[in-house]
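Encoded as structure tokens, the structure appears first; notes follow it.
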Amino acid sequence: MNIQEAKVQIERAVKIYLTKDKNGNYRIPVRQQRPVYLLGSPGIGKTAIVEQIAEEMNIALVSYSMTHHTRQSALGLPFIVHKEFDGHAFDISEYTMSEIVASVYETMEASGKREGILFLDEINCVSETLAPSMLQFLQYKTFGRHRIPDGWVIVTAGNPPQYNRSVREFDVVTLDRLKLLEVDAAYEPWRAYGINKGLHGAVLSYLDIRKSDFYTIENTPEGRAYVTARGWEDLSEALYLYEENDFPVDETLVEQYLHHRRISREFSTYYDLYSKYRKEYSIEQILAGKAGKDVLRRAGRAGFDERLSLMSLLFTAEREKISAFLREEEKLQDLMYVLRDVKRSFKKAAVGSKESLSSALVKKNGNEILEEKIRTLAGAMEQKAGGNVLDAAERDRTEGVIRTLEGYRKGLRSGEAGSLDDAFDVIAEDFKKKTEALKVWQTQIGQELEHLFSFTEDAFGEGNEMLLLVTDLTTNYDCARYLNGKGCKPYFKYSRKFRVSEREQEIDKQMERLEL
């Protein structure tokens, strides 16, 4: 199966293991909750899908790599305990709590979540001294004498022996206690993930052209040459930051992530072409509806690689704007709910007539209210971070709201508000300006989408380029959310058209089978 199919299977396993009966007990007893064992090539996204599942299900996550654990850190350290039995005294060995089990309890306390996933990577690379204890753990969820709390699902992962010399193959007794999912490296599911995550357009368009370069491990006269999904994703992030800092992207950078001489050389060459197309086609001019006849003519006559690169550049530019718009919209929505609470607190503090509050008292009360709100937001954010359920987007959004509230505090201290109502009016006016700016931004994006579809239609007609554009807009979560909420006539027109076309093709295939 591919990595996305594995994600579905893991998600279903977590859901059934966390299903309770009418008395609040888990339907599947702990000893029958087989840990999931995800077996697949390195760098295909095993860790990423577990993180996604925890985030989407709003449960906690604790993640460990077992290669870093000794018997002592996993099972706990021994200490002597004095006991008596039937009049005789004994000194016996007890064990401190396992570092892994302790982390689960610490995460529960920090996040407030009682259920979660314990993800143990490289499970088949444990040390020889720890190996016997793994069977007990996989069956009974215990390390030493300490048990993983109920409500925690165990997901494990490992690499096949051909990729890691430290791998020890599990025997039948161990495998019989696991839900085994064998995962292959497949490009198409990973591409959908990449489109949704916003990976660099040069990476995705290169792999669209050369799918066989997505994942490879080869033995060469110079040693092992390999390229993994993780390598492409990490390279994508590096490309964004290199461009941001105006650093040159060359083969020296690329081969730090793609450990395959031919592929790193060919991608470096392609990246240069990709950057050249970005300048020569003036992507922003096309989105502004100012593509000249020369640009349209060149695009229409371009070869396959150039067309694919151009569509990637156009989609990436618009996707980045849509994602940025949605982040700002979400931040303003969060700010709106916060300001409603602030307004209620201001009114509650303004007991008596407005004239009875001095300017200094207005500032003091207003400052304390905003300060308390900032502390509450920061505390909630850190609690989620403690449970490993705070994603980067939510952190960025919350920190943006906190920065805005800090700005209001500074304005309140420096201003001359006669009452708390006056002070809030200043805040409300600023919020209104932000929402009006967002409306202007939305109008601009809507116009750019119209221009994008018009250009694609004029340059390529209703062929594969248009299908690629519609598919990528639909696959990307932010784009699909924006289009469904704000609308775009050309998108819905072609979306319906391609669905009808696909249905007609399916009917034709069924008719052919009937005739046979």
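The values are calculated or read from the model by the stated rules, or taken from the named source; none is laboratory data. What you see is a predicted model; the values in this text were computed from it and never measured. Glycine also receives a Cβ, built like all others from the backbone with ideal geometry; neighbour counts cover every protein chain displayed. Protein only, heavy atoms only, side chains kept; ligands, DNA and RNA dropped before computing areas. Shrake-Rupley method; radii C 1.70, N 1.55, O 1.52, S 1.80 Å.
Tabulated values for the structure
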{"quantity": "Failed item in (1) open to solvent by 60 Å² or more (accessible area, probe 1.4 Å); (2) within 29 Å of the chain's Cα centre (by Cα), with L452 passing the rest", "calculated": "(1)"}
{"quantity": "Meets criteria (in contact with a Leu (Cβ under 9 Å, 6 or more places away or on another chain), among the aliphatic types (A, V, I, L, M), part of a helix (DSSP H, G or I) and open to solvent by less than 50 Å² (accessible area, probe 1.4 Å)) for I263", "calculated": "no"}
{"quantity": "Flag for S309 being in contact with a Ser or Thr (Cβ under 7 Å, 6 or more places away or on another chain) and polar (S, T, N, Q)", "calculated": "yes"}
{"quantity": "Identity of the residue in the stretch 417-449, open to solvent by less than 70 Å² (accessible area, probe 1.4 Å) and polar (S, T, N, Q), that ends up farthest from the chain's Cα centre (by Cα)", "calculated": "S419"}
{"quantity": "Residue pairs meeting the criteria (Cβ under 9 Å; at least 6 apart or on separate chains; first within 21 Å of T475 (Cα to Cα), in the stretch 317-339; second outside any helix (DSSP H, G or I))", "calculated": "R319/G198; R319/N476; E320/G198; I322/N476; S323/G198; S323/N476"}
{"quantity": "Count of residues meeting criterion [out of contact with any strand residue (DSSP E or B) (no Cβ under 9 Å at 6 or more places or on another chain), at pLDDT below 90 and within 28 Å of E122 (Cα to Cα)] in the stretch 9-36", "calculated": "4"}
{"quantity": "Identity of the residue in the stretch 182-215, outside any helix (DSSP H, G or I) and open to solvent by 20 Å² or more (accessible area, probe 1.4 Å), that ends up nearest to H259 (Cα to Cα)", "calculated": "Y215"}
{"quantity": "Residue match in the stretch 17-26 (condition: of a type in the set (K, R) and surrounded by fewer than 19 Cβ atoms within 10 Å (Cβ to Cβ))", "calculated": "yes"}
{"quantity": "Residue within the stretch 117-137 that is among the acidic types (D, E), modelled with pLDDT under 85, surrounded by 18 or more Cβ atoms within 10 Å (Cβ to Cβ) and part of a strand (DSSP E or B) present", "calculated": "yes"}
{"quantity": "Unmet criterion (only one of (1) more than 18 Å from S312 (Cβ to Cβ); (2) in contact (Cβ under 8 Å) with a residue 60 or more places away in the chain) for I286", "calculated": "(1)"}
{"quantity": "Scan of the stretch 204-246 for residues that are of a type in the set (A, V, I, L, M) and out of contact with any Gly (no Cβ under 7 Å at 6 or more places or on another chain), ordered by number", "calculated": "L207, I209, I217, A225, V227, L235, A238, L239, L241"}
